[in-house]
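Read through the structure below, which is laid out as structure tokens, and then see the notes.
The values are calculated or read from the model by the stated rules, or taken from the named source; none is laboratory data. Source: prediction; values computed, not measured. Here the Cβ positions follow ideal geometry from the backbone for every residue, glycine too, while neighbour counts run over all protein chains shown. Just the protein is used for accessible areas: all its heavy atoms, side chains included, with ligands, DNA and RNA removed. Shrake-Rupley method; radii C 1.70, N 1.55, O 1.52, S 1.80 Å.
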Amino acid sequence: MNEATTDKNVLKRVPTGKTPFEISDLKKAIPPHCFKRSLTTSFYYLFRDICICYTFYHLASNYIPLLPKPLAYIAWPIYWFCQGSSFMGIWSIGHDLGHHSFSEYQWLDDALGFVVHSTFLTPYFSFKFSHRSHHAHTNSMEYDEVWIPKRKADTLYSEVLNNPLGNLFMTFVRLLLSYPMYFTFNIHGRPYNGFVSHFYPQSPLFNDSDRKLVWLSDAGMLVACYALYKVAATTGATWLFCIYGAPLLVMNAHFIFFTFLHHSHPSLAHYDSREWDWIRGALSTVDRNYGILNTVFHDVTCAHVVHHLISTIPHYHTVEATNAIKPILGDYYKYDDTPILKAFWRETKECIFVEPDEGAENSGVYWFRR
């Protein structure tokens, strides 16, 4: 989809001046059919992913226990990665449901999204509401909702953890714990007054009109947890962990991995209220190449920029839409095809905190530092 890049030019800064185009110019450049939500096509992808998920489950539950132990010790981690990736694909469709890009029917999108996300222990409506705010304030230092960068004054990040051992520790914490901690304690989110949690209906994350549906999200989580308890009581906790728990941890790691990489890049700026505007904030994200996982994750990895610009485009049109607007975006579009593990380690080391350039302390524009 995108031209190859080199280590040198992928770090070239994206322009921070006012864009010479408007969102209306981008919409005009996108073929009209890209905006159309096909119920048939959307259900095809959902059912395809469910069938793949069931196939992995069937193979693992019926055949891995028959393998001799040395082979089983190899087969289980392979299953966990493959099934966790499958979970992430289905979860990504749930994310699209929250953006109303699945069908023309809001009630259907919400009903399906509620079931899909609850199945993977994600509070659907709660996440939908906070994610809506993230899209409305992307890369705003004051108002973005996730992956808020640290400042140099936060010495835990800028000094204590700013070394190879600290980077390894943060990688472990991010991939293993950040997903549940984000929903439970709003880690990586912006500060609020009061207790902030996606499970707390009175949380300042939500508007008064949202709170009833937050309760419904909690109810969905409780039902899912009770169902898992009944499965564990019947089949055993070890079996449940191997079949569901470990793949869920892989899914969580995938989510943190690619959302961190969406919003962490040395060439992308953050803005405070003196300089931020919506379109530059939306453009301060990056498309990357995950190989076959682009397909598994429904191109959320390689077509994330256009998703931030027009979030109701169905995932099966986002690549085409990206190619249509690239000539207009020019240098405002960031694509990085650095091998993904190399890129993750680079961003872990280089994107420690943000500060304005020296001599531009009042510019309202912040860049990653280490």
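Counting only residues that are aliphatic (A, V, I, L, M) and open to solvent by less than 70 Å² (accessible area, probe 1.4 Å), which one in region 231-248 is nearest to the chain's Cα centre (by Cα)? Out of the qualifying residues, it is 248.
For region 17-53, a residue qualifies if it is closer than 16 Å to residue 321 by Cα, under 23 Å from the mean Cα position of the chain (by Cα) and of a type in the set (D, E, K, R), and exactly one does: 37.
Counted as qualifying within region 214-318 are the helices (runs of 4 or more DSSP H) with 1 or more residues that are free of Cβ contacts under 8 Å to residues at least 40 places away in the same chain and under 26 Å from residue 347 (Cβ atoms), namely 292-296, 304-309.
All conditions but one from (1) open to solvent by less than 40 Å² (accessible area, probe 1.4 Å); (2) at pLDDT 95 or above; (3) under 17 Å from residue 13 (Cα atoms); (4) not small (Gly, Ala, Ser) apply to residue 310; the one that does not is (3).
The one condition from (1) more than 15 Å from the chain's Cα centre (by Cα); (2) under 30 Å from residue 350 (Cα atoms); (3) open to solvent by less than 20 Å² (accessible area, probe 1.4 Å); (4) not small (Gly, Ala, Ser) that residue 191 does not meet is (3). For region 152-186, a residue qualifies if it is in a loop (DSSP other than H, G, I, E, B) and either crowded, with 17+ Cβ neighbours inside 10 Å or touching a Leu at 6+ places or on another chain (Cβ under 6 Å) (or both), and the qualifying residues are 161, 162, 186.
Yes or no, residue by residue, for (1) over 18 Å from the mean Cα position of the chain (by Cα); (2) of a type in the set (D, E, K, R); (3) assigned to a helix (DSSP H, G or I):
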| position | (1), (2), (3) |
| --- | --- |
| 95 | no, no, yes |
| 102 | no, no, no |
| 107 | yes, no, yes |
| 113 | no, no, yes |
| 126 | no, no, yes |
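Just one of the listed residues (59, 26) is under 30 Å from residue 266 (Cα atoms) and assigned to a helix (DSSP H, G or I), namely 26. Within the option set 137, 95, being open to solvent by 30 Å² or more (accessible area, probe 1.4 Å) and either of a type in the set (Lys, Arg) or modelled with pLDDT of 95 or more (or both) holds for one residue only, 137.
Residue by residue, here is whether (1) hydroxyl-bearing (Ser, Thr, Tyr); (2) open to solvent by 40 Å² or more (accessible area, probe 1.4 Å); (3) at pLDDT 95 or above holds:
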| residue | (1), (2), (3) |
| --- | --- |
| 79 | yes, no, yes |
| 82 | no, yes, yes |
| 88 | no, no, yes |
| 129 | no, no, yes |
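Listed conditions (1) touching a helix residue (DSSP H, G or I) at 6+ places or on another chain (Cβ under 6 Å); (2) within 18 Å of residue 228 (Cβ to Cβ); (3) free of Cβ contacts under 8 Å to residues at least 60 places away in the same chain are all met by residue 72, apart from (2).
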